[in-house]
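Undergrad: Pasting a structure below so you can have a look.
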Amino acid sequence: MPVEQTNVSQAPAVTPKKVAVPAEVDFDGTAAKYDRRRITVEPGVNTIVRVAEGHLNRIVTPFQHPQVRTTATNATTQVSDSVVYVAPASSAPVTLYLTEKGDEMTAVSLTLVPRRVPPRSFEVDVQGHMPRAVSAKAEKWERASDYQQAITNVMRTLALGQIPPGYSMSRGAKSEPPYCYQPGLKFEFMQSIQGHDFWVAVGRMSNVSGYRIEFEENACLYERRVAGVAAWPRIILQPGQQSEVYVVMRHVAETQDRAPERPSLIQSDLTARVPAAAPRQPAPAPAPMARPAPVTSAPAPAPVAASEWKVMYPPFPTAKSAREKVGQLRAMGYPAETYADGGDLFVRIPGYTSREDANRAMAKLHQKGEVSLTVSGGY
């Protein structure tokens with residue numbers, strides 16, 4: 001029986017099928033980058049990380065005393081200082097919530113995917129979060145000297161490129177960085193150094209003007225929480241030059257930072273004129289004494305308390321806009337300050353001993369383009 005021969009070159013071409021090999025991907029389908037040793041996460045947003053199955057994995061948390069919450073039964077966890085050790089026993093994913101002990105406001109959510117890889121060690125940073133340090137080492141170092149010397153020691157250590165003992169560092173500005181304003185200078189805060197009684201905002205100061213500028217420390221002293229200000233390596237900047245600026249802040253809230261009130265043992269005319277709410281108001285900045293009014297034949301007016309008359313601005317929509325206005329006024333020589341009343345934020349200029357002096361100051365501000373000003377007194 002004759003055998004039919006087929007020309008191989010005439011046979012239909014067969015395209016080999018490509019076999020899809022599963023890749024390590026995150027749940028959203030994007031390729032996972034597992035070679036990172038530092039992971040930045042958002043509070044409350046779950047992040048998927050590959051870890052070693054059957055081995056001990058090390059997670060360096062941003063918390064001083066982390067606590068672990070999980071329902072996984074296939075993994076064991078252990079906490080040592082700020083480090084969490086996790087050992088998955090199978091390939092089933094392990095979901096963890098990491099928080100600071102006693103503070104549930106900021107949580108790190110991780111899903112650990114065990115794989116047959118070597119043990120992993122990585123550091124977790126929380127975006128926009130700076131935990132308050134409770135390190136006994138930082139407290140001991142700060143209180144080894146008096147208050148003023150402790151502030152000096154903090155700034156000197158940072159200027160030398162070191163971190164004070166017991167302190168921790170976070171990249172990026174804190175949610176409420178300090179406000180600094182000086183014409184011709186640009187301030188950018190990019191590091192937060194956290195201690196026990198203090199935290200320090202470290203920033204870059206640039207001369208963006210076309211002339212030489214000497215940095216003034218009071219450019220960053222607009223807030224009660226500021227304990228000290230310094231710059232290094234230079235305080236005189238030529239056009240385009242830069243320097244670091246250190247603003248030491250107190251942890252104590254402004255409302256808790258005021259001195260306690262002492263009841264008076266006498267009742268005099270002076271104390272009778274002081275309104276009850278006055279002790280709770282922030283102390284106004286020192287102001288130059290107003291020029292005495294010319295002597296006239298009219299009877300002398302009754303004496304009034306210092307800083308009774310003020311030039312008032314209308315409410316500001318945001319705290320930032322109010323601080324900017326305060327900075328502009330202080331650069332012009334006015335002892336401006338912010339204060340809250342009934343949920344609104346105002347800017348005022350205290351320090352006038354009579355309505356006439358306050359009216360004259362308001363008229364000068366009108367000439368400089370300031371509008372919607374009023375004069376107030378009695379508190």
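The values are calculated or read from the model by the stated rules, or taken from the named source; none is laboratory data. Since this is a predicted model, take the numbers as computed values, not measurements. Because the Cβ atoms are built from the backbone with ideal geometry, glycine has one as well, and the counts that use them run over all protein chains shown. All accessible areas refer to the heavy atoms of the entire protein, side chains included, with ligands and DNA or RNA removed. Shrake-Rupley method; radii C 1.70, N 1.55, O 1.52, S 1.80 Å.
Undergrad: Residues of the range 51-110 being in contact with a strand residue (DSSP E or B) (Cβ under 7 Å, 6 or more places away or on another chain), at pLDDT below 90 and open to solvent by 80 Å² or more (accessible area, probe 1.4 Å), which ones?
TA: Once the filter is applied, which keeps residues that are in contact with a strand residue (DSSP E or B) (Cβ under 7 Å, 6 or more places away or on another chain), at pLDDT below 90 and open to solvent by 80 Å² or more (accessible area, probe 1.4 Å), the range 51-110 yields His65, Lys101.
Undergrad: Here's a follow-up. Residue by residue through the range 219-228, note down the ones that are open to solvent by 20 Å² or more (accessible area, probe 1.4 Å) and part of a strand (DSSP E or B).
TA: Of everything in the range 219-228, just one residue is open to solvent by 20 Å² or more (accessible area, probe 1.4 Å) and part of a strand (DSSP E or B), namely Ala227.
Undergrad: Hey, another quick one. Which of the residues spanning the range 143-162 are open to solvent by less than 90 Å² (accessible area, probe 1.4 Å), without any contact (Cβ under 8 Å) to a residue 60 or more places away in the chain and assigned to a helix (DSSP H, G or I)?
TA: Residues satisfying the conditions are Gln149, Ala150, Asn153, Thr157.
Undergrad: In the range 335-379, how many are open to solvent by less than 30 Å² (accessible area, probe 1.4 Å), within 27 Å of the chain's Cα centre (by Cα) and not β-branched (Val, Ile, Thr)?
TA: Selection size over the range 335-379: 5.
Undergrad: For the range 174-211, enumerate the residues that are touching a residue at least 12 places away in the same chain (Cβ under 8 Å), in a loop (DSSP other than H, G, I, E, B) and of a type outside the set (Gly, Ala, Ser). Spell out how you get there, then give the answer.
TA: Keep residues of the range 174-211 that are touching a residue at least 12 places away in the same chain (Cβ under 8 Å), which gives 174-175, 177-211.
Then drop every residue that is not in a loop (DSSP other than H, G, I, E, B), which leaves 174-175, 177-184, 195-197, 208-211.
If the condition is that a residue be touching a residue at least 12 places away in the same chain (Cβ under 8 Å), in a loop (DSSP other than H, G, I, E, B) and of a type outside the set (Gly, Ala, Ser), then Lys174, Pro177, Pro178, Tyr179, Cys180, Tyr181, Gln182, Pro183, His196, Asp197, Val208, Tyr211 are the ones that fit.
Undergrad: Can I ask one more? In the range 367-377, is there at least one residue being part of a helix (DSSP H, G or I), at pLDDT below 80, closer than 30 Å to Leu185 by Cβ and not acidic (Asp, Glu)? Lay out the reasoning, then the answer.
TA: Going through the range 367-377, the residues part of a helix (DSSP H, G or I) turn out to be 367.
Filter again for at pLDDT below 80, leaving 367.
Narrowing further to those that are closer than 30 Å to Leu185 by Cβ: 367.
Then keep just the ones that are not acidic (Asp, Glu); that gives 367.
Looking through the range 367-377, at least one residue is part of a helix (DSSP H, G or I), at pLDDT below 80, closer than 30 Å to Leu185 by Cβ and not acidic (Asp, Glu).
Undergrad: Could you list, in sequence order, all residues of the range 181-195 that are more than 24 Å from Val326 (Cα to Cα) and surrounded by fewer than 21 Cβ atoms within 10 Å (Cβ to Cβ)?
TA: Within the range 181-195, just Gln191 meets the criteria.
Undergrad: List the residue pairs whose Cβ atoms are under 6 Å apart, where the first residue sits in the range 231-246 and is among the small types (Gly, Ala, Ser), the second is part of a loop (DSSP other than H, G, I, E, B), and the two are 6 or more positions apart or on different chains.
TA: Ala231/Phe215; Ser243/Arg234
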